[in-house]
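Here's the structure, in structure tokens; my notes come after.
The values are calculated or read from the model by the stated rules, or taken from the named source; none is laboratory data. Here the structure is a predicted model, which is why all the values come from computation and not from measurement. Here Cβ is always computed from backbone atoms with ideal geometry, including for glycine, and neighbour counts include all displayed protein chains. Side chains included, ligands, DNA and RNA excluded: accessible areas come from the protein's heavy atoms. Shrake-Rupley method; radii C 1.70, N 1.55, O 1.52, S 1.80 Å.
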Amino acid sequence: MSTSASDPLAGPARIIRRAVCPGSFDPVTNGHLDIIGRAAQLYDEVVVAVFVNQSKSSMFTIEERRDMLQEVTAGYGNVRVDTFHGLVVTYCRDHDIPVIVKGLRAVSDFDSELQMAQMNRGLAGIDTLFMPTNPEYSFLASSLVKEIAKWGGDVSSLVPPNVLKRLQERTASTE
Ligand code: PNS
């Protein structure tokens, strides 16, 4: 183990293990939170990064999504939230993050996720860690939550309370 050349009393250099959880988070669900919480136990620092997914239209602005995530992850000392317009690998390179953490709900997620993981590794050498979703959340998707909420269905068991409140406000204002 190497020690700092400038400070002979310094201990061994410690590598900070850092990972990113990227997503649209429109809005964050209990399924996302499960993955974020488990990633926070595996890595020293976890960045939850809200990206613009150009193939999806969103209910919440990127700032609203960031704010909801900040509220629900405030209890984790090693999780921070950020936003980014661009490629996930560009974000990783700019912030010295070597690993992407993604949740897999079902085999159907795997095809596209594997393709993205291999593309990201080919583009920039960034690896992806797949984490199986808690079976309790295997059917959960932000798109379904929004659809159910728009029609007045009960999503209180699917999202954290602050997100439920924002969903109710948003759907009430667009009725
Ligand atoms: O929650 P989502 O919508 O499934 O998240 C998808 C996300 C944001 C991870 C994906 O759209 C993405 O990677 N966007 C950034 C653009 C990018 O890096 N695309 C190339 C993927 S190989």
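Please report the relative contact order for the chain, taking Cα pairs under 8 Å with a sequence separation of at least 6, and give it as a percent rounded to a whole number. 24 percent.
What net charge is computed for the residues neighbouring M116, neighbours being all others with C-beta under 13 Å from the C-beta of M116, Lys and Arg scored +1, Asp and Glu -1? Walk me through the intermediate numbers first.
Details: positive: K102, R121; negative: D109, D111, E113, D127.
Summing Lys/Arg as +1 and Asp/Glu as -1 gives -2.
Here's how it looks for V81: its modeled amide H is under 5 Å from those of V48, which are all 5 or more places away or on a different chain. Computed log10 I(q)/I(0) for the stretch 78-168 at 0.14, 0.22, 0.23 Å⁻¹: -0.70, -1.13, -1.15, from the Debye equation with unit scatterers placed on every C-alpha and solvent omitted. Could you check which residue among S157, S24, S142 shows the biggest mean-square fluctuation in a GNM of the chain with a 10 Å Cα cutoff? Sorting by GNM fluctuation, first place goes to S157.
Distance from the C-alpha centroid of the stretch 87-122 to that of the stretch 125-158: 18 Å, rounded to the whole angstrom.
Peptides 57-68, 113-124 ranked from most to least packed by the mean count of surrounding Cβ atoms within 10 Å: 57-68, 113-124. Ligands, DNA and RNA left out, the 1.4 Å accessible surface of the stretch 15-138 is 51% carbon and sulfur atoms.
Normalised by 2.2 N^0.38 Å, where N counts its residues, the alpha-carbon radius of gyration of the stretch 15-138 equals 0.99. Rolling a 1.4 angstrom probe over the protein heavy atoms with all chains in place gives the stretch 18-117 an accessible area of 48 Å² per residue. Computed on protein heavy atoms with a 1.4 Å probe, the accessible areas place K56, K102 in the order K56, K102, largest first. Taking only the C-alpha atoms of the stretch 57-113, the Rg (one decimal) and the largest Cα-Cα distance, Dmax (whole number), read 13.7, 33 Å.
DSSP bridge analysis restricted to the chain gives an antiparallel fraction near 5%, rounded to the nearest 5.
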